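The values are calculated or read from the model by the stated rules, or taken from the named source; none is laboratory data. Predicted model only: the values in this text are computed from it and were never measured. Cβ placement follows ideal geometry from the backbone for every residue including glycine, while neighbour counts extend to all protein chains displayed.
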Amino acid sequence: MTALLQPTPDGFLRDGEPHLVISGAIHYFRVHPEQWRDRLRRLVAMGCNTVETYVAWNVHQPARETTTFEGIADLGRFLDIAAEEGLDAIVRPGPYICAEWENGGFPGWILADRNLRLRNRNAPYLELVDAWFDQLIPVIAERQTTRGGNVVMVQVENEYGSFGDDKVYLAHLRDGLIARGIEELLVTSDGPARMWLTGGTVEGALATVNFGSRTLEVLAMTEQELPAQPQMCMEFWNGWFDHWGEEHHERTGGDAAGELKDMLEHGMSVNFYMAHGGTNFGMQAGANHFGFLQPTTTSYDYDAPIAENGALTEKFRAFRDVIAQHAELPPYEEHLEQLGLAAQPTTLPAGEVAIEKVASLRATERFTRAAAEHPTPPAFEDIGLERGLLRLSREIEIAAEVVEGETRIQPLRLYDLHDRAWVYVDGVNVGATGVVGNEESEIDPATIELTPFVDRLLPNGGHRTVRVDILVENLGRVNFGPKLGERKGILGGVWQTIRFLNGWEVDAWPLEEMGEELAALVEGAPALEGAGDGDDLPVLVSASFDASAPQDTFLDVSGAGHGVAYVNGFCVGRYWNIGPQLTLYVPAPLVHEGRNEVLLLDLDKRPTQLALAEEHRFGRTDG
């Protein structure tokens, strides 16, 4: 069968007719499935004729023995809805996707093999990829236009020129796509210069480029490096994502629309990255590492033209005006009416979320229960924990020593900590260490000082045996660059004075799956009274709000510290008072008519208040 899109020196032909691909990225795994159609219609309203999506391997295979294409992982349904809305589809199956997504889309469980090397011809790695593609690619292949569907383009790998230059690996992926039934146009995408293109392109796949500015300069480069072919910007970075602890990113619509104008006027096809960013639900946000770890926020709004809650922004109107010069579009208001869309989706009114009970998690069985012992602190990957917290517990002996008239206790040193740890000694909260948002600091070893607590731990001097509990948090595996494939945990071990401490009880806390369990724990635990002194941390907070109907809302957690939030048992995401994100988007399908239950697990402080907001709030509240 012949692919619907045909590249020529003068541009694309679609079914024999000249065609500009005007596409927008919407990741099905960042949008509640009940909102897929709404978001796709908003893409149509902007003037797009195509939707693009990555495929996140870790969403479909959360464990080695588990594969799913249901719920938020129902890629086939997403593509079918796009077809019903008249959109062609570009699918980028990876296996690596970057996307500011945890581990660049790779499941954490594949890293249990410490010798595995990602994104090259390494045989054990290719065996895993091939087994995954055997299940994934048929879902895409049966939805190609050659078979009556809407898939017109499939990407080989992703921005490979920013990682490696293994042409044998790229050829293996290309040939594997073809062997599994892909007949539509194959493409690659890389940065806008020869240095990226020489590593990331492969024969038999059309090269495209990714950029966000200086369009005319990029076009001059592509005329030289990619002659006699259609030019396409596979990722038009019209906004940007946020890391915890930095300023919120914004870009004016006029600035971005000027770049779009240059592309379309010069016959360059485009894919908006992102058209609609969506949400990193749960703890699925990834992290960058450029000298230090930079975890990405729960919101992936991206300052996109279609906001996280579907609102149509000033940037949306600016883009639509440019696209209307190259495609026949109905008047704006008329178009929205035809599609059954409101420019601003309704939200629940702002108001208080009543805190009903606060309990100490350390007073519950989950914190104190016995667990299997490991000789050294294992990595998350060693015990099959994708995301969440890892509790390490054992007894140690501490001793007082007098140095220059000061009584001291030797600190605990956590070597190669990934990423953040909270330490408790005989019930005393002795502090947190490790990564703090976007701050650059030396954390190897990450040190927990015990001397400030000498009066509580050793009031009479001498020495004694104490229980140490450590909670280790995965803040998001690196999704881009040479640190890709990062493992989580205390990878080097816990050191005290002159030696490593061995023999740790290890309890895995997969927080995304623990909403019901945590709700039961807070219900059965004694309520905390008063302001607290920090020794009761971490805390579980139960709260509620009433809704007259299922509608979008934003949970304002600016009165909380650092942790994860659940609404009606669903983990909506991580929050952190270092900002910039101070609210969590709660999509309407998660909201019930009547009472709605909110639960927080807060590691840093006892929350003072919770509220509902009608839009995102940005800033920081940690003083």
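Observations on the structure shown:
- The set of residues in the range 348-371 being part of a loop (DSSP other than H, G, I, E, B) and closer than 17 Å to Asp556 by Cα consists of Leu348, Pro349, Ala350.
- Within the range 180-195, the residues that satisfy the criterion of being within 27 Å of the chain's Cα centre (by Cα) and either crowded, with 20+ Cβ neighbours inside 10 Å or modelled with pLDDT under 95 (or both) are Val187, Thr188, Ser189, Asp190, Pro192.
- Meets criteria (of a type outside the set (Phe, Trp, Tyr) and touching a Pro at 6+ places or on another chain (Cβ under 9 Å)) for Glu17: no
- The set of residues from the range 569-581 being on the phi < 0 side of the Ramachandran plot and not in a loop (DSSP other than H, G, I, E, B) comprises Phe570, Cys571, Val572, Arg574, Tyr575, Trp576, Gln581.
- Checked against the criterion of being assigned to a strand (DSSP E or B), in contact with a strand residue (DSSP E or B) (Cβ under 9 Å, 6 or more places away or on another chain) and over 21 Å from Trp101 (Cβ atoms), the candidates Leu584, Leu600 yield just one match: Leu600.
- Residue check, Val494 modelled with pLDDT of 95 or more, in contact with a strand residue (DSSP E or B) (Cβ under 8 Å, 6 or more places away or on another chain) and not assigned by TED's automatic domain parsing to the domain that holds Gly534: yes
- Residues in the range 135-171 that are in a loop (DSSP other than H, G, I, E, B), over 19 Å from Ala83 (Cβ atoms) and of a type outside the set (Phe, Trp, Tyr): Val156, Glu157, Asn158, Glu159, Gly164, Asp165, Asp166.
- Scanning the range 312-347 for residues that are in a loop (DSSP other than H, G, I, E, B) and free of Cβ contacts under 8 Å to residues at least 40 places away in the same chain yields Glu328, Pro330, Pro331, Ala342, Ala343, Gln344.
- Selection count where residues are outside any loop (DSSP other than H, G, I, E, B) and touching a residue at least 24 places away in the same chain (Cβ under 8 Å), scope the range 179-198: 11
- Filter result for Val436 (of a type in the set (A, V, I, L, M), assigned to a loop (DSSP other than H, G, I, E, B) and surrounded by 13 or more Cβ atoms within 10 Å (Cβ to Cβ)): yes
- Scanning the range 401-420 for residues that are part of a loop (DSSP other than H, G, I, E, B) and surrounded by 15 or more Cβ atoms within 10 Å (Cβ to Cβ) yields a total of 4.
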